[in-house]
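Chemist: Got a structure for you, questions after.
The values are calculated or read from the model by the stated rules, or taken from the named source; none is laboratory data. Predicted, not measured: the structure shown is a model, and the values here were computed from it. Glycine also receives a Cβ, built like all others from the backbone with ideal geometry; neighbour counts cover every protein chain displayed. To get the accessible areas, we keep the full protein, side chains included, count just its heavy atoms, and leave off ligands, DNA and RNA. Shrake-Rupley method; radii C 1.70, N 1.55, O 1.52, S 1.80 Å.
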Amino acid sequence: RISMGIHESEKKARQRVMINVDLYLEPDARIERDHISETVDYDFLRTEIERISQERHFNLQETLCEEILAICLAKQGVMAARISTEKPEAYPDCDAVGYELFWRKDLPRP
């Protein structure tokens, strides 16, 4: 549950937000021993998402996605990331409303 939204009703209570993250790792990385030390341990990501989601109110899903993207791209071994969020309780006549962002580390950020 996250404090997110531009409407007064959204600012009064946390709402359920679905967060999906795809990490694209360095293509030369090889798993040889089936050990976590050979890849990116994504526990850091869950911890960081939990931290930022509790620290503040987000007006926009786009802002949350940007912050998660920055965390992902700062991690060694991550070459790109796709972040998506969905608010399933935003409207009674929609399954969800969402936003998705993809960026590669080798591209300059606008």
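Chemist: Roughly what angle does helix 61-74 make with the longest principal axis of the chain, taking Cα atoms, 0 to 90 degrees, to the nearest 10?
Modeler: Computed tilt is about 20 degrees.
Chemist: Using amide H atoms built 1.01 Å from N in the peptide plane, name the residues 5+ places from M79, or on other chains, whose amide H lies under 5 Å from its own.
Modeler: Y24, L25, E26
Chemist: Just order 82-90, 15-23, 44-52 by mean Cβ neighbour count inside 10 Å, highest at the front, would you?
Modeler: Result, highest mean first: 82-90, 15-23, 44-52.
Chemist: Give the accessible surface of segment 47-110 per residue, rounded to a whole number of Å², with probe radius 1.4 Å and ligands, DNA and RNA excluded.
Modeler: Here the residues of segment 47-110 average 60 Å² of exposed surface.
Chemist: How much net charge surrounds A74 when only other residues with a Cβ under 10 Å from its Cβ are counted (Lys, Arg +1; Asp, Glu -1)?
Modeler: Result for the local shell: +1.
Chemist: Could I ask something else about it? For K11, give me every one of the aspartates and glutamates with a C-alpha distance below 15 angstrom, ignoring sequence neighbours fewer than eight places off in its own chain.
Modeler: Of all the aspartates and glutamates, those that pass the test against K11 - Cα under 15 Å, at least 8 places apart if same chain - are E55, E89.
Chemist: Using Cα positions and a limit of under 26 Å, work out the lysines in reach of K12, with same-chain residues fewer than 8 apart set aside.
Modeler: Result set, ordered by chain and number: K87.
Chemist: Related question: Enumerate the calculated ³J(HN,Hα) couplings along segment 39-52 in order (Karplus 6.51 cos²θ - 1.76 cosθ + 1.60, θ = phi - 60°), each rounded to whole Hz, writing x wherever the residue is Gly or Pro.
Modeler: With the stated coefficients, segment 39-52 comes to 8, 8, 7, 7, 4, 4, 5, 4, 4, 5, 5, 4, 4, 5 Hz.
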